[in-house]
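S.K.: Here it is, the structure, as structure tokens.
The values are calculated or read from the model by the stated rules, or taken from the named source; none is laboratory data. As the structure is a computational prediction, the values presented were derived from the model and not from experiment. Cβ coordinates were reconstructed from backbone atoms using ideal geometry, including for glycine residues, and neighbour counts include every protein chain displayed.
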Amino acid sequence: MQKKDTKPEIYRDEQVKAAIQELFSYQDFLDGMEAFVPVQLNKLILEEKDHVETAYDFQKKVIRPFLKVVKKSTISQLTYSGLEHLKSDEHYLFISNHRDIVLDSAFLNMVLLENGMQTSQIAIGDNLVANRLTELIFKINKSFVVKRSGNPRDIYRHAVSLSAYIFDTIHQKKDSVWIAQREGRAKDGNDKTQVSLLKMLSLNDHQKDLHQYLQKLKIIPVSISYEFDPCAFLKTREFLEKQEKSTYKKSFHQDAEHLLLGIKGHKGAVHFHFEKPLHRRLNQLESVGSNKEKIERLAQIIDKSIHLNYKLNPINYYAYDYLMQSRAFEAYYKGPAEDSLSTYFEMLIEMLPIKWKDAGTEYLHKIYAYPVKNAISYQN
């Protein structure tokens with residue numbers, strides 16, 4: 001399918017009511033609601049839809065109840081920290097690691113909503129907007145599209161427009177914005193900020209005073225940790241298929257498989273940490289020479305914040321020790337927990353074809369081990 005040239009935009013409140021009516025006219029959407037949502041909640045949402053007139057209404061009356069169901073059925077504990085660093089009347093650029101296609105930003109917004117703060121706009125890849133139905137769902141929920149496909153000239157033109165849109169949205173106090181630290185999820189668990197993403201953010205800096213410009217974006221790194229990754233096996237299979245076939249390209253239907261499993265699969269403990277705005281730490285950039293070096297330093301600052309504030313679980317320590325063939329962190333998982341974790345990995349590995357057993361075993365453990373590896377890298 002050819003992607004249309006999209007400009008960054010969400011539905012304005014005056015557009016939401018008509019978009020809601022169109023969304024609920026699609027039988028596929030109604031069938032999906034019936035499959036995912038308990039009967040009484042589904043009935044309540046269908047009754048409430050006629051009273052949804054703004055994006056806030058949609059998030060409060062449709063998205064929030066849906067996320068409550070997801071939380072109850074797939075999350076053992078949802079926690080957060082660092083909200084004291086945020087002010088309800090300020091607007092920020094949240095840059096986080098990226099593990100789940102939709103839940104990273106969805107639960108971040110739910111945390112903000114339930115603590116009396118405005119929700120953020122959400123940057124999503126154009127691969128997720130494959131038809132009118134998905135376009136409606138995302139844009140009503142304050143999402144705007146990031147163009148990833150097309151010729152280089154069109155992508156650059158869109159990047160300039162996107163940079164201006166994000167800056168204006170924050171600087172003119174319209175909304176906060178959430179964007180992942182990289183294009184796509186960190187499928188191997190190695191959370192690294194893409195320099196190209198930060199370059200995009202700086203394209204709107206007409207004065208070329210990059211340090212001052214970045215200050216105005218009010219960047220807040222956010223660490224998101226999932227105890228269990230429901231898509232760990234799918235991510236491993238995708239990696240192995242790419243290794244075997246260089247022309248491999250994931251289809252929209254495979255994206256949908258990841259999206260649905262990410263929502264329905266068991267996640268265990270989930271934690272969000274909101275770091276302080278990077279104002280003072282950005283002063284480091286003043287002593288750095290070129291803008292290229294400033295951007296690279298900023299990526300390091302964001303990475304350090306995300307890595308050190310990632311909430312590690314026993315499975316992370318277990319996977320790290322497995323790969324390192326050590327018992328350095330056994331205090332975090334020894335006893336019954338170790339047997340349970342061993343069974344978990346054996347179950348996933350058993351589903352792999354024999355030819356992929358060794359490489360698949362290593363990759364599966366890497367998904368969980370990288371957060372430990374990244375955290376301890378700062379000890380020296």
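S.K.: Every residue in the range 329-344 that is out of contact with any helix residue (DSSP H, G or I) (no Cβ under 6 Å at 6 or more places or on another chain) and either surrounded by 12 or more Cβ atoms within 10 Å (Cβ to Cβ) or of a type in the set (Asp, Glu) (or both), please. Lay out the reasoning, then the answer.
M.R.: Within the range 329-344, the first condition is being out of contact with any helix residue (DSSP H, G or I) (no Cβ under 6 Å at 6 or more places or on another chain), and the residues that meet it are 330-331, 334-336, 338-340, 342-344.
Result: 330, 334, 338, 339, 340, 342, 344.
S.K.: Report yes if residue 193 is more than 18 Å from the chain's Cα centre (by Cα), surrounded by 18 or more Cβ atoms within 10 Å (Cβ to Cβ) and among the β-branched types (Val, Ile, Thr), otherwise no.
M.R.: no
Table: residues versus (1) under 21 Å from residue 93 (Cβ atoms); (2) touching a helix residue (DSSP H, G or I) at 6+ places or on another chain (Cβ under 8 Å); (3) not in a helix (DSSP H, G or I).
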| position | (1), (2), (3) |
| --- | --- |
| 118 | yes, yes, yes |
| 121 | yes, yes, yes |
| 137 | no, yes, no |
| 144 | yes, yes, yes |
| 148 | yes, yes, yes |
| 153 | no, no, no |
| 158 | yes, no, no |
| 161 | yes, no, no |
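S.K.: To continue, here is another question. Might you check whether a residue that is surrounded by fewer than 16 Cβ atoms within 10 Å (Cβ to Cβ) and among the β-branched types (Val, Ile, Thr) occurs anywhere in the range 75-89?
M.R.: Yes: one or more hits.
S.K.: Residues to consider are 100, 154; find the one that is surrounded by 22 or more Cβ atoms within 10 Å (Cβ to Cβ) and among the acidic types (Asp, Glu).
M.R.: 100
S.K.: Look through 233, 228 and report the one residue that is part of a helix (DSSP H, G or I), touching a helix residue (DSSP H, G or I) at 6+ places or on another chain (Cβ under 9 Å), in contact (Cβ under 8 Å) with a residue 24 or more places away in the chain and not polar (S, T, N, Q).
M.R.: Answer to the selection: 233.
S.K.: So which residues in the range 289-307 are within 30 Å of residue 341 (Cβ to Cβ) and in a loop (DSSP other than H, G, I, E, B)?
M.R.: The answer is none; no residue qualifies.
S.K.: Is there a residue being of a type in the set (S, T, N, Q) and closer than 30 Å to residue 149 by Cβ anywhere in the range 250-273?
M.R.: yes
Rundown of residues vs (1) of a type outside the set (A, V, I, L, M); (2) under 29 Å from residue 274 (Cβ atoms); (3) touching a Pro at 6+ places or on another chain (Cβ under 8 Å), yes/no style:
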| residue | (1), (2), (3) |
| --- | --- |
| 12 | yes, yes, no |
| 24 | yes, no, no |
| 48 | yes, no, no |
| 62 | no, yes, no |
| 69 | no, yes, yes |
| 82 | yes, yes, no |
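S.K.: When only residues in the range 203-225 that are assigned to a strand (DSSP E or B) and among the hydroxyl-bearing types (Ser, Thr, Tyr) count, which is farthest from residue 103 (Cα to Cα)? Break it down into steps so the answer makes sense when it comes.
M.R.: First, pick out the residues of the range 203-225 that are assigned to a strand (DSSP E or B): 219-225.
Those left that are additionally among the hydroxyl-bearing types (Ser, Thr, Tyr): 223, 225.
Values: 223: 13, 225: 11 Å.
Among residues in the range 203-225 that are assigned to a strand (DSSP E or B) and among the hydroxyl-bearing types (Ser, Thr, Tyr), the one farthest from residue 103 (Cα to Cα) is 223.
S.K.: Of all residues in the range 264-284, which are more than 15 Å from residue 77 (Cα to Cα) and either crowded, with 16+ Cβ neighbours inside 10 Å or touching a Pro at 6+ places or on another chain (Cβ under 6 Å) (or both)?
M.R.: Selection gives 274, 275, 277, 278, 281, 282.
S.K.: Give the residue, chosen from 344, 318, 310, that is assigned to a loop (DSSP other than H, G, I, E, B) and among the hydroxyl-bearing types (Ser, Thr, Tyr).
M.R.: Checking each option against the conditions leaves just 310.
S.K.: If you check every pair at least six apart or on different chains, which have Cβ atoms under 8 Å apart with a residue in the range 325-339 that is closer than 14 Å to residue 372 by Cα and of a type outside the set (Gly, Ala, Ser) first and a residue that is exposed (fewer than 14 other Cβ atoms within 10 Å of the Cβ) and at pLDDT below 95 second?
M.R.: So the pair list comes out empty.
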